[in-house]
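Visitor: Structure in structure tokens, see below.
What follows draws every value from the coordinates through simple rules; no lab data is involved. Values in this document were obtained by computation on a predicted structure and should not be read as measured data. Every residue, glycine as well, gets a Cβ built from its backbone with ideal geometry; the counts of neighbours run over all protein chains shown.
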Amino acid sequence: MVLLVALLTADAFSRALADPQRSTLGFSAISASSRTSCRTSARAASPEEEMPPVLYCKPSRDGEGVGDCPFTHYARMAMEVSNQAYQLKPTPKADKPQWLLDDHGGSMPCLAPVADGTGAVSESAKIAAVALPPTPEDEKSMSETSTLFGSIAKFIKNTDPSADEELAQGVYAALEKVESRLEVLGTPYLSGKEDPGLSDCSIATKLYVLTVAAPHFKDSFEIPIAKFPRLDEYAKRVFACDAFLKTKYPEDEMIFGWSQARSGGH
Ligand SMILES: N[C@@H](CCC(=O)N[C@@H](CS)C(=O)NCC(=O)O)C(=O)O
């Protein structure tokens, strides 16, 4: 089992508690060279600092890296934006600690301040919000776009071609909400600020799934960019953030994970 230490600024959480560039859905292409810092300065925890909490997460197929999990991506991106230190521990089912199974149903991501699981949190939204408290605009952005991930998941999981059109409309309706929100805010990010906030971490990590998995499984699916110009710009911007790039999991892991979900195995 590999224990990866995230290179993030330490202010241990315990105290407070790849590649989207292909943009096959019509989001204009970006490249690694277009990444922006989004003011996240990462550094390794110094030896004097207490051990940061462990983030248990779904492993990649080889058991070593980070697997397909938009929830872990969300929590990690929020911790990266807020420079929270943590140790990343991809954990196969067989290696889950007993407290994780007993007290959290084995759900990951799970952030554990201490080894026996005391004080552990196993809900991505909570892990993310403690690390990066939402602005009022974040809260509004998340509530207004709350159907986004559900619509994406239903659409990608669906294997009945005759239901695809209706499910795609559900995705478009959710994207329309993001578009409207960006228009109302007029800011680069859904946080209502110049830098990404909690809502950006939530929404970007779901858009990643849409831009990679949807076109893989649905040949005819395309985002009508002309209808969503702000979303297109937004996706380019947020996908280029260091915090997004540093925390994303490989596309092939995503495709594998959703293939399993489509065959009823998730
Ligand atoms: N609502 C939870 C959902 C988390 C979830 O579904 N996690 C999946 C991985 S993506 C999981 O724990 N699967 C069990 C496993 O991988 O062993 C959250 O947001 O944290």
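Visitor: Under the rule a/c < 1.5 gives rounded, and otherwise a/b versus b/c splits prolate from oblate, where does segment 152-245 land using the Cα gyration tensor?
Guide: It comes out prolate by the Cα gyration axes.
Visitor: Now a separate question. List Met51, Met79 from most exposed to least, where exposure is judged by having the fewest other Cβ atoms within 10 Å.
Guide: Met51, Met79
Visitor: Counting Lys and Arg as +1 and Asp and Glu as -1, each charge on the Cβ, what is the dipole of segment 136-262 about the Cα centre in debye, to the nearest 20?
Guide: Approximately 140 debye in magnitude.
Visitor: Moving on. What aspartates and glutamates could a cross-link reach from Lys246, if we take a straight Cα to Cα line under 13 Å and drop same-chain neighbours fewer than 8 places away?
Guide: Answer for Lys246, where 13 Å is the Cα cut-off: Asp19, Glu80, listed by chain and number.
Visitor: Amide H to amide H, which residues 5 or more places from Cys241 or on other chains are under 5 Å from it, using H placed in the peptide plane?
Guide: Thr36
Visitor: Pick out, in residue order, every one of the GluC sites (Glu not before Pro) in segment 214-266 that is DSSP loop and has at most 14 other C-beta atoms within 10 Å; say none if there are none.
Guide: The qualifying sites are Glu222.
Visitor: List Asp116, Asp103 from most exposed to least, where exposure is judged by having the fewest other Cβ atoms within 10 Å.
Guide: Details: Asp116 11, Asp103 15.
Fewest to most other Cβ atoms nearby, the residues stand as Asp116, Asp103.
Visitor: Listed here are the pairs Lys58/Lys227; Lys96/Lys218; Lys157/Lys177; Lys126/Lys227; which of them are more than 30 Å apart at the Cα?
Guide: Listed pairs above 30 Å: Lys58/Lys227; Lys96/Lys218; Lys126/Lys227.
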